[in-house]
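Here is the structure we will look at.
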Amino acid sequence: MVILKNRSLCLFLFMFFLVFFEVHASHEINRKLQSISHNVVKKILRPKFHFRPPKHWINDPTGPMYYNGIYHLFYQYNTKGEVWGNIVWAHSVSIDMINWINLEHAIYPSEVFDKYGTWSGSTTILPGNKPVILYTGIVDEEQTQVQNYAIPANLSDPFLRKWIKPDNNPLVVADESINKTKFRDPTTAWIGEDGSWRMLVGSLRSKNKRGLAILYRSRDFMKWTKAQHPFHSSARTGNWECVDFFPVSLENTDGLDTSVIGDKVKHVLKISLDDTRWDYYTIGTYDTKKDRYVPDDTMIDGWHGLRLDYGNFYASKTFYDPSKNRRILMGWCNESDVFPTDDIYKGWSGIQAIPRKLWIDPSGKHLVQWPIEELETLRKKKVELRNYKLNKGENIQVQGITPAQVDVEVTFSFSSLENAEEFDPSWVDLYAQDVCAIRGSTVQGGLGPFGLLTLSSENLEEYTPVFFRVFKNKDKYKVLMCSDASRSSVRNHKKMFKPSFAGYVDVDLTDKKLSLRSLIDHSVVASFGAGGKTCITSRVYPALSIYGDTHLFAFNNGTETVKIDTLDAWSMDKADM
């Protein structure tokens, strides 16, 4: 028997049962959900092991780095509310990138060169083990953008709590050829073969909506000169922001310092497209003689190109972690409940994705991502399922864990590819998410759809399916991975964003197996297909499937029987923030 001594807890339980006991229709759920107290809504939807500060708006991770045994995360933060505005560089530190300590803000508007804003940027470690921040300052109401720097006030402080902005700012001012209001987010700098520093700044050339990465060089990191030609550009892609440029090894999964160049090295150029709010990347060659980047022939610049994550994931940033010889990717996951009033009601908006180790696939065709190993320290109770056959139309519930806060890994196998459905030629020009919307989890197929029903209510009024469908495309097979939020909540106001996210998985089906890992955290479903070849993060807002009323199922809606070779699920502990 539990004795309720806490008045707020009593009030919470009373309101919770009052709201949900007699709810039958979605419009009634919406109406009553709005009557729940501010604190209750916070607890219903707030992730427990994804990073976010106690309150207010956050967006871009602006300068993650490893320095003297400490991981530093800087991020865009509104000091005054739950919508974008009043942006500063907030600062948190960690020894594992899972549990975090919030510190005082590192950078905030205070000088003529950043009076109207301190926007995104990066960190670079200079010779002598001296970190420096590069960031975009907003100098006037017209949003004229310049590139500034800041340095630690005290290098002996292990947390680097205080940063100063020297008087010789700004370092870089846009010349007449540059759109001064589309000129931002300086990258981590690297040293070229000539000993000079280089950095990129994202921009837009209005003619043909050409996005571009502008290259700057410097001998001393203080005086920067613009290169004659853009480092790379592409027409009709819109404004490029949060540009990232880094090397990847062709020999193994180890990370490389940003300045590494060599025969066994390729380079990655990642851009965040302002028009779509999607992160795209290409893999290619860094021509050090011409100081230009050339994507491989198989790469596509722009909207139909490769994406780091096919869901709620934007403004990502990588850094080299020398302590474990890996490259780490961090990204911002925005809210999808659409109305600013929803976020004001919650008291917070935005989270950071779980940090991911990143490397190039042996095929050289795409990158691979996987949650950092430190996340596994939060794993608690474990359940297993082995060699279970899922027939057409069958669901099996995964019991014994906390489905609202869980890490689940599953490997599916199938005996034949003969039942793979034909890929419709009319889908060739569609995005994968459009095909997912057409061929959703309830549309019976041949080989698939099969996968997981996450954040599900008991009777499936709500669920977010993460699943595969295998298509036959001429003489090849095409694997679609979906994370479909369309049935994620019975809350149904017209502008609630409940998309069908999807991407294709470049995988060899010779062994007739597909694997899936999903990190489920109340309002987050982050999924990694085929060992991290395709990644999708969804933000969802269930009204019924919360707390102990959440369920997790494995399912198969294809005519081909699918076997669960292995399924391991762990209840996840709350991260310390």
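The values are calculated or read from the model by the stated rules, or taken from the named source; none is laboratory data. The structure presented is a predicted model; accordingly, all values stated were derived computationally and were not measured. Heads up, the Cβs are rebuilt from the backbone with ideal geometry, glycines too, and the neighbour counts pull from every protein chain shown. The protein model used for the area step is the full one, side chains on, heavy atoms only, and it has no ligands, DNA or RNA in it. Shrake-Rupley method; radii C 1.70, N 1.55, O 1.52, S 1.80 Å.
Please report how far the C-alpha centroid of region 429-471 lies from that of region 266-309, rounded to the nearest whole angstrom. Cα centroid of region 429-471 versus Cα centroid of region 266-309: 29 Å apart. Taking each of LYS266/LYS498; LYS80/LYS180; LYS382/LYS474; LYS130/LYS380 in turn, the alpha-carbon distance tops 31 angstrom for LYS266/LYS498; LYS382/LYS474; LYS130/LYS380. Taking all protein chains together, ARG219, ARG491 sort by accessible area into ARG219, ARG491, largest first [probe 1.4 Å].
Taking the Cβ of LEU417 as the center, what net charge do the other residues with Cβ under 15 Å away carry, scoring Lys and Arg +1 and Asp and Glu -1?
Cβ neighbours under 15 Å give a net charge of +1.
A Förster radius of 56 Å combined with the Cβ-Cβ distance from SER363 to ASP167 puts the calculated FRET efficiency at roughly 0.65. For the chain, a simple Cβ point-charge model (Lys and Arg +1, Asp and Glu -1, everything else neutral) yields a dipole of about 600 debye relative to the Cα centre.
In this structure, GLU422 and ALA227 have a Cβ-Cβ separation that, at R0 = 60 Å, corresponds to a calculated FRET efficiency of about 0.75. Residue-wise HN-Hα couplings along region 208-214, as the Karplus relation 6.51 cos²θ - 1.76 cosθ + 1.60 with θ = phi - 60° gives them from phi, are 6, 6, 7, x, 8, 10, 8 Hz; Gly and Pro carry x. Express in whole angstrom the spacing between the alpha-carbon centres of region 555-577 and region 186-261. Taking the Cα centre of each part, region 555-577 and region 186-261 sit 40 Å apart. Remark: region 278-295, residue by residue, has Karplus-estimated 3J(HN,Hα) of 10, 9, 10, 8, 10, 10, x, 10, 8, 7, 6, 6, 8, 6, 9, 10, 10, x Hz, where x stands for each Gly or Pro and the curve is 6.51 cos²θ - 1.76 cosθ + 1.60 at θ = phi - 60°. Relative intensity of region 167-297 on a log10 scale, I(q)/I(0) at q = 0.23 Å⁻¹, equals -1.50, per a Debye sum over C-alpha point scatterers of equal strength in the absence of solvent. Rounded to the nearest 5, what is the percent of antiparallel bridges among the DSSP beta bridges in the chain? Counting only bridges with both partners in the chain, antiparallel ones make up about 95 percent.
Calculate, in nm to one decimal, what ASP565 and ILE300 gain on full extension: separation in residues at 0.36 nm each, minus their alpha carbon distance.
91.8 nm
Our coupling estimate for region 70-77, obtained by passing each phi through the Karplus curve with A = 6.51, B = -1.76, C = 1.60 and θ = phi - 60°, is 10, 8, 10, 10, 9, 8, 6, 9 Hz, Gly and Pro reported as x. Take the Cβ atoms of PHE497 and ASN208, set R0 to 30 Å, and the FRET efficiency comes out at 0.50.
Taking the accessible area of the chain, probe 1.4 Å, and keeping the other protein chains in place, the carbon and sulfur fraction comes to 51%.
Largest first, the residues GLU374, GLU394 sort by 1.4 Å accessible area into GLU394, GLU374. At the residue level, LYS130 shows approximately 110 square angstrom of accessible surface with a 1.4 angstrom probe and all protein chains present. Among the protein heavy atoms, those of ILE396 account for about 30 Å² of accessible surface (1.4 Å probe, every chain in place).
Taking a straight Cα-Cα cut-off under 26 Å and skipping sequence neighbours fewer than 8 places away in the same chain, the lysines within cross-link reach of LYS264 are LYS289, LYS290, LYS317, LYS324, LYS357, LYS365, LYS533. When the square roots of the Cα gyration tensor eigenvalues are ordered a ≥ b ≥ c, the ratio a/c for region 56-145 is 1.5 or more and a/b does not exceed b/c, which makes its shape oblate. When you count the other C-beta atoms within 10 angstrom of each residue and take the mean per peptide, 320-327, 540-547, 84-91, 309-316 line up highest first as 309-316, 540-547, 84-91, 320-327. Accessible surface ranking for VAL83, VAL408, 1.4 angstrom probe, highest first: VAL83, VAL408. Residues whose amide H comes within less than 5 Å of that of SER489, counting only those at least five positions distant or on another chain, are TYR463 (H built at 1.01 Å from N in the peptide plane). Label region 484-536 by shape, choosing from rounded, prolate and oblate, from the square roots a ≥ b ≥ c of the eigenvalues of the Cα gyration tensor; if a/c is under 1.5 it is rounded, and otherwise prolate applies when a/b is larger than b/c, oblate when it is not. Cα axes put region 484-536 in the prolate bin.
Each label point was placed 7 Å from the Cα along the Cα-to-Cβ direction; for LYS474 and ARG219 their separation is 5.5 nm. What is the Cα centroid distance between region 111-149 and region 493-526, reported in whole angstrom? After rounding, the separation between the Cα centres reads 36 Å. From the square roots a ≥ b ≥ c of the eigenvalues of the alpha-carbon gyration tensor of region 479-577, which class results: rounded (a/c under 1.5), prolate (a/b over b/c), or oblate? Note, shape of region 479-577 comes out prolate. Counting only protein heavy atoms and using a 1.4 Å probe, the accessible area of MET330 comes to about 10 Å².
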